[in-house]
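Read the figures in this text as sums done on the coordinates, not as results from a lab. All values derive from a computational prediction rather than experimental measurement. Counting neighbours? That spans all protein chains shown, and the Cβs are built from the backbone with ideal geometry, glycine included.
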Amino acid sequence: MRTRLQRFRLNVTPQRVLAVLFLLVLGYLVVVPLGVMLQETFVVHPLERFQIPGSMPGDFTLAHWERTFVSENAYAFFYRPLINTLIISLGLAFLALAIGGTLAWLVVRTDLPFKGLISNAAIIPYVMPSWTLALAWITLFKNERIGGTQGIFTALTGVSTPDWFAYGLFPITITLALHYFPFGFMLIGGALRNIDAQLEESAELLGAGRLTILRRVVVPLVLPAIFSTFLLTFSRGLGTFGTPAFLGGPVREFVLSTTLYANLIGQRPGIGYLVAFVMISLGVLVLYMDHRIIGTRRSFVTISGKGARAGLVALGRWRGPVAALVLTFIFGVIAVPIVALAVDTVMLRPGIYAWSNFSLHYWIGEASRAIGLGTGEPGILRNPQLMGALGNTMQLAITVALICGVLGMLIGYTVVRLRGTLISRLLDQLSFLPYLMPSIALGSIFLAMFAVARGPIPSLYGTFWLLVIACVVSYLPYAVKAGISAMMQVGPELEEAAIMAGASWWTRMRRVLFPVQKATYFSGMLLPFISVTRELSLLILLVTPATQLATTITLRYTDRGWYPYTNAMVLVLVTIVITSTVVSRRLMKTDLAKGLGG
Amino acid sequence: MPHRKIVATLLALLVALAGAVAFAQAEDWDAIEDAAQQEGKLMVYSTTSRTATAATNFQELTGIEVEVVRLGEQDLIQRAYQEARAGVESADVIVVEDWVAARELLSATGYFVNYVPPTARELFAERHQDPLVLGFINRIFGYNTDKHPDHDPFVSVWDLTTPEFRGRVMIRDVAITGEHQNAFTEWVRRSDELEAAYERRFGEPLVMTEANAGLEWMKRFLENDPIIMTSDTRISEAVGAAGQEDPPYGMFYVYSKHRDIPLQDLRLTDSRQIDPTLGYYYPIVLQLAAASESPNAAKVFIEYLTTLEGFEPWADSPGVYTPNPNQVPFEGDMPFWWWEDRLWYYDLDFAAANRGIVLDTWLKYAQR
């Protein structure tokens with residue numbers, strides 16, 4: 001008779017070991033912060049005691065819950081912002097899907113020209129910080145309501161834009177969708193690329209028309225990617241603060257993230273965390289729906305040992321116009337904000353369009369109180385502190401991307417190989433949760449968790465690794481999503497064949513599983529990389545002078561209204577990110593051809 | 001180690017106590033300065049980026065190294081609070097705003113203590129000594145001088161609730177501006193004055209649906225379609241930009257933005273007559289960490305910031321004032337005592353107790 005232990009050891013497979021390991025680590029990094037957040041919603045905080053009669057800080061209370069959900073003003077405090085948030089999130093998710101999906105289909109499945117250019121360029125809107133689009137929108141479409149210089153559209157046409165178009169839910173949804181559609185493009189593009197052409201050919205042989213093939217074969221196969229896109233963009237809509245605050249304020253349309261922020265500023269963390277908790281719950285709800293729907297469809301194994309790329313749809317006479325349309329759209333979305341930022345950095349004084357006012361002072365000028373805004377600060381390219389911070393940012397971004405990439409692949413592998421078990425579901429959902437946590441809340445919780453040594457975990461306070469951990473946890477969901485969707489499409493027979501050939505687990509991962517899905521893993525690493533370069537609210541509480549980042553150090557300019565410096569810094573970051581993206585994509589592409597085409 | 005910490009804490013507490021009881025003269029400043037030279041580098045958290053400039057100047061003067069981390073007002077409070085709670089030695093000195101919140105989290109908890117250095121003890125008014133004020137910032141009402149070349153369009157704060165100003169007043173979002181929340185508690189506390197101002201303006205008593213005239217004003221103001229912004233810079237630029245037919249008006253933006261008027265050719269000025277208050281002012285406060293391992297160096301740095309020389313980085317614009325009476329006002333600006341008579345401040349205890357009500361009233365009516 002075998003003992004329990006023996007049985008267990010017999011069943012020890014790499015995926016199980018990994019699963020247990022990841023569960024432990026993620027449990028600590030995800031469940032603890034979530035628990036802290038929930039606990040805080042039942043506690044009286046120092047300034048809150050005045051609104052809760054007879055209470056002392058630290059007391060247990062239900063007041064935050066009552067106020068938020070059932071008080072007399074609950075509609076204004078909570079439900080109205082909730083409705084606005086849902087409108088934005090849903091609109092954003094559908095738009096991002098429509099735009100990203102269409103572009104992905106055009107690039108992967110048709111004979112559209114300039115594909116390389118388009119697929120590189122289509123990621124750039126996400127590379128730019130989301131507020132740049134909001135800023136560009138205001139620059140273009142603002143009307144008299146918010147005063148100052150005229151909007152460009154009004155200046156050119158003489159037509160004043162209506163308020164609903166210039167500010168509020170409509171532009172918030174549009175600008176966020178323009179920022180997040182690259183998610184759809186990458187995820188759906190990745191899925192489309194991996195569909196085995198034999199499936200479509202068989203359908204064609206069976207007499208199915210193009211539309212039927214699209215509806216019955218292609219769409220179901222990319223459904224996981226569609227849901228992932230929906231989930232990722234929808235959740236971002238829940239949490240984004242900058243754009244809604246900037247565009248919504250002028251017409252006083254507020255969302256949950258502004259409510260969260262207001263209560264944190266107002267020193268009412270109990271209510272603030274409760275709002276954060278609602279935001280997380282909404283995300284979890286979508287996550288649950290995603291699992292219900294994808295879960296019932298079982299897995300689609302689309303990369304088998306053999307296989308061929310599908311034939312391309314010929315666009316015929318539409319080829320030219322469609323290409324022109326796509327290029328105009330993408331370059332509009334990229335160029336308008338970049339130009340808006342760039343122009344700002346070369347004008348000594350804002351809003352004065354005279355040749356004498358143009359200068360590279362904010363880039364390479366010496367510190368002076370007599371030129372332009374009279375800041376007494378050197379141009380950003382000759383500021384050693386800024387350049388040092390930029391170095392830190394790059395180091396952090398690369399480290400986080402690599403760690404996320406490896407973890408994403410391993411967690412993806414574990415989740416898919418253990419599919420159908422509780423442990424797999426748990427791991428999948430745990431690794432996604434941080435994505436739903438508003439980063440302002442997460443930063444302060446991480447600080448509290450890691451400032452002192454706890455058990456085997458040393459104090460990470462002030463170290464680079466604390467930043468790494470915070471970012472890895474925050475952006476792991478991207479990598480895990482990529483890892484899961486990549487692994488879902490790889491049939492077990494590839495690995496089984498490798499096992500038969502005597503390959504060790506390590507060799508299987510390195511020689512088989514990683515190479516066949518390189519492109520998807522790569523997308524999973526790219527997103528953390530990009531996101532780190534512009535992260536601010538998560539890290540602001542964790543950086544120290546030695547670990548200053550480009551974004552945190554730029555605050556000193558934003559804080560005094562010296563936007564030319566801030567914008568120049570954003571441009572530098574964007575340039576670096578775009579360059580590294582394009583370069584590494586090019587490298588990956590060659591490898592991709594080898595891995596898939598062979 | 002814990003020994004040193006306890007000693008340092010006790011010392012700091014003692015010093016604070018001594019300061020309060022005016023025994024402080026007994027403090028041996030020379031000894032502090034000597035000891036400061038033996039201590040390590042200082043870490044300073046600051047909401048204002050100019051502290052970094054002051055720190056560089058200080059280092060040149062004394063040789064004491066100072067590192068400055070610039071943080072937003074709530075981030076600073078959050079971070080100093082979490083770190084102190086965890087017992088991590090980090091900031092020795094904080095340069096902090098929103099004292100209402102900071103006092104609850106950092107001072108009442110004993111993590112940070114007040115220290116009154118020699119210059120402040122000698123020159124600062126007593127009310128500016130505890131908490132020790134680095135400087136005051138004022139926030140005012142402003143308008144476009146192209147539209148109103150020869151008269152101030154503001155008569156009373158109640159004007160902002162009338163059709164004439166409908167959809168034309170800009171203010172930084174009270175929900176995300178701690179100091180605005182504090183300032184409006186004063187409008188609640190001084191409701192009677194607001195009520196009287198209403199009667200002065202319209203010749204009839206104010207009929208209220210809210211509990212007091214302060215909240216009533218907020219409600220009427222929000223129902224008058226104000227424009228809520230996220231940055232003071234954008235407010236002053238929007239109000240002051242040249243060539244506008246119907247420029248907006250600015251409320252409660254920092255007066256120091258008027259420094260940009262000549263540089264950006266803004267047509268901007270502030271109201272000097274709006275009844276009953278020209279705006280408000282708030283302090284930037286200096287505090288010493290109770291657990292600081294370099295308490296003497298910290299004190300020397302605090303002392304430096306209270307001198308005119310130390311304050312220099314802030315003295316390059318209007319709207320920023322040291323409590324040091326020897327400061328010469330910025331060109332075109334009035335001295336602080338002038339403003340102090342015309343701007344409202346806030347009562348710290350009342351603000352702490354009523355800030356939630358102000359925020360709730362704002363959130364209730366701000367949402368369209």
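Numbers for the structure displayed
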{"item": "Sequence-separation-based contact order of the stretch A:1-130, relative, with Cα cut under 8 Å and 6+ spacing, percent", "result": "10"}
{"item": "Net charge of Cβ neighbours under 14 Å - reference residue A:264; Lys, Arg +1; Asp, Glu -1", "result": "-3"}
{"item": "Cα centroid separation, the stretch A:332-410 to the stretch B:138-152 (Å)", "result": "34"}
{"item": "Cα-based shape type of the stretch B:206-259, given that a ≥ b ≥ c are square roots of the gyration tensor eigenvalues and the cut on a/c is 1.5", "result": "prolate"}
{"item": "Whether the stretch B:71-175 is rounded, prolate or oblate, judged on the alpha carbon gyration tensor where a/c under 1.5 counts as rounded", "result": "prolate"}
{"item": "Backbone HN-Hα couplings from phi across the stretch A:363-371 [Karplus 6.51/-1.76/1.60, Hz, Gly and Pro as x]", "result": "8, 10, x, 7, 4, 7, 9, 9, 9"}
{"item": "Rounded to 5, percent antiparallel among DSSP beta bridges of the protein assembly as shown", "result": "60"}
{"item": "With Cα atoms, 0 to 90° folded angle of helix B:191-202 axis to chain B main axis", "result": "30"}
{"item": "Total formal charge among the other residues, if their Cβ is under 10 angstrom from that of residue B:57, Lys/Arg +1 and Asp/Glu -1", "result": "-3"}
{"item": "Summed residue charge, Cβ within 14 Å of residue A:337's Cβ, Lys/Arg positive, Asp/Glu negative", "result": "0"}
{"item": "3J(HN,Hα) from dihedral phi, the stretch B:91-97, Karplus parametrisation 6.51/-1.76/1.60, rounded to Hz, x for glycine, proline", "result": "6, 8, 9, 10, 10, 10, 10"}
{"item": "Peptide A:264-277 - average C-beta neighbours from other chains (10 Å radius)", "result": "4"}
{"item": "Extreme residue, positive dipole direction of chain B, given options B:239, B:367, B:58 (C-beta unit charges)", "result": "B:367"}
{"item": "Crossing angle, helix B:73-86 versus chain B [Cα axis fit, 0-90 degrees, rounded to tens]", "result": "30"}
{"item": "Cα gyration tensor, chain A - rounded (a/c under 1.5), prolate or oblate", "result": "oblate"}
{"item": "Alpha carbon centroid spacing (whole Å) that separates the stretch B:38-97 from the stretch A:247-292", "result": "32"}
{"item": "Alpha-carbon gyration tensor eigenvalues x 5, square-rooted, for chain B, Å", "result": "40, 22, 18"}
{"item": "Alpha-carbon centroid distance for the pair the stretch A:438-487 / the stretch A:13-77, whole angstrom", "result": "18"}
{"item": "0 to 90° range, to nearest 10: angle between helix B:295-306 axis and chain B longest Cα axis", "result": "40"}
{"item": "Electrostatic dipole magnitude of the protein assembly as shown [Cβ: Lys, Arg +1; Asp, Glu -1; Cα centre; debye, to 20]", "result": "6220"}
{"item": "Footprinting exposure proxy for B:69, A:339, B:188, A:400 (fewest neighbouring C-beta atoms within 10 Å first)", "result": "A:339, B:69, B:188, A:400"}
{"item": "The stretch A:152-297, dipole about Cα centre (Lys/Arg Cβ +1, Asp/Glu Cβ -1), debye to the nearest 20", "result": "260"}
{"item": "DSSP-assigned coil residues among trypsin sites (Lys or Arg not before Pro) in the stretch B:41-94, each with at most 16 further Cβ atoms within 10 Å", "result": "B:41"}
{"item": "Mean Kyte hydropathy of 0.0 or more with a Cα span along the axis of at least 30 Å, helices from DSSP in chain A", "result": "A:80-109, A:169-193, A:269-296, A:319-345, A:384-417, A:464-488, A:563-597"}
{"item": "For chain A: relative contact order, % (alpha-carbon pairs under 8 angstrom, 6 or more apart)", "result": "18"}
